[in-house]
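Beneath this line is the structure, given in structure tokens, with notes to follow.
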Amino acid sequence: MFNLLATGIVWSDLIQPQIPIIEKIVRPIIVYTFLLLGLRLAGKRELAQLNAFDLVVLLTLSNTVQNAIIGNDNSVSGGLIGAATLLTVNYLVVRIAHRNRKFDRFVEGRADILMRDGKIVEPHLERELITHAQLAAAAHKQGIASLHEVERCILESTGTITFVTKRPTPEGSRHEEIMALLHVMREEVKALRGAAAAETHKP
């Protein structure tokens with residue numbers, strides 16, 4: 001009898017939400033809206049994770065707002081209601097952003113050009129609070145040895161940094177091909193002179 005009563009209490013704690021359902025729905029909506037606006041105001045560099053501080057902020061955000069989302073409720077049904085609310089709100093936001101360009105621009109923001117024609121756009125770099133060292137480190141992650149190789153750099157609205165490397169002009173490519181051909185011919189001439197000199201010195 002005692003075991004059945006204890007089992008009933010445990011199942012009740014697991015299934016029955018410990019706070020009103022409407023509160024379980026409102027809490028995730030408030031936190032979601034706050035995080036959406038907060039990350040929007042914090043700038044795209046937070047999403048880019050350019051240094052350890054940005055990574056720490058993103059890692060601790062979930063733990064920081066966890067209690068605000070669930071409240072004094074550890075029930076399974078309460079967690080499922082909160083998760084379903086977050087998924088629904090996110091679906092609606094994405095849906096609206098997909099159909100409304102102005103809303104999408106408000107939520108996502110705009111891409112920012114950090115380098116143009118091989119030159120760093122200092123005002124944009126300053127606005128996004130990105131240093132030259134952080135920009136170079138981001139380039140290194142994508143296999144680019146130096147910023148001198150970059151023609152264009154864009155900080156996307158998603159926080160991704162896109163690099164477009166410089167491409168040689170047709171004239172430059174032809175010049176390199178001619179110089180390479182001249183080098184090969186020079187080496188062949190040197191080898192022929194060496195062979196001719198060896199022939200003349202034979203007894």
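The values are calculated or read from the model by the stated rules, or taken from the named source; none is laboratory data. As the structure is a prediction and not an experimental result, all values here were calculated from the model. Cβ coordinates were reconstructed from backbone atoms using ideal geometry, including for glycine residues, and neighbour counts include every protein chain displayed.
So the values come out like this:
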quantity: Any hit, the stretch 130-142, residues being at positive phi and not assigned by TED's automatic domain parsing to the domain that holds residue 38; calculated: no
quantity: Which listed residue is surrounded by 12 or more Cβ atoms within 10 Å (Cβ to Cβ) and either among the β-branched types (Val, Ile, Thr) or in the same structural domain as residue 133 (by TED's automatic domain parsing) (or both), from 22, 69; calculated: 69
quantity: Residue 98 being in contact with a strand residue (DSSP E or B) (Cβ under 6 Å, 6 or more places away or on another chain) and assigned to a helix (DSSP H, G or I); calculated: no
quantity: Condition met for residue 89 (surrounded by fewer than 13 Cβ atoms within 10 Å (Cβ to Cβ), in the same structural domain as residue 16 (by TED's automatic domain parsing) and at negative phi); calculated: no
quantity: Among the candidates 61, 14, residue that is surrounded by 11 or more Cβ atoms within 10 Å (Cβ to Cβ) and at pLDDT below 75; calculated: 14
quantity: Residues of the stretch 137-146 classified as more than 19 Å from the chain's Cα centre (by Cα) and hydrophobic (A, V, I, L, M, F, W, C), total; calculated: 1
quantity: Hits in the stretch 116-134 (condition: without any contact (Cβ under 8 Å) to a residue 40 or more places away in the chain and either outside any helix (DSSP H, G or I) or crowded, with 16+ Cβ neighbours inside 10 Å (or both)); calculated: 116, 117, 119, 120, 121, 124, 125, 131
quantity: For residue 118: the one exception among (1) within 20 Å of residue 157 (Cβ to Cβ); (2) in contact with a strand residue (DSSP E or B) (Cβ under 7 Å, 6 or more places away or on another chain); calculated: (1)
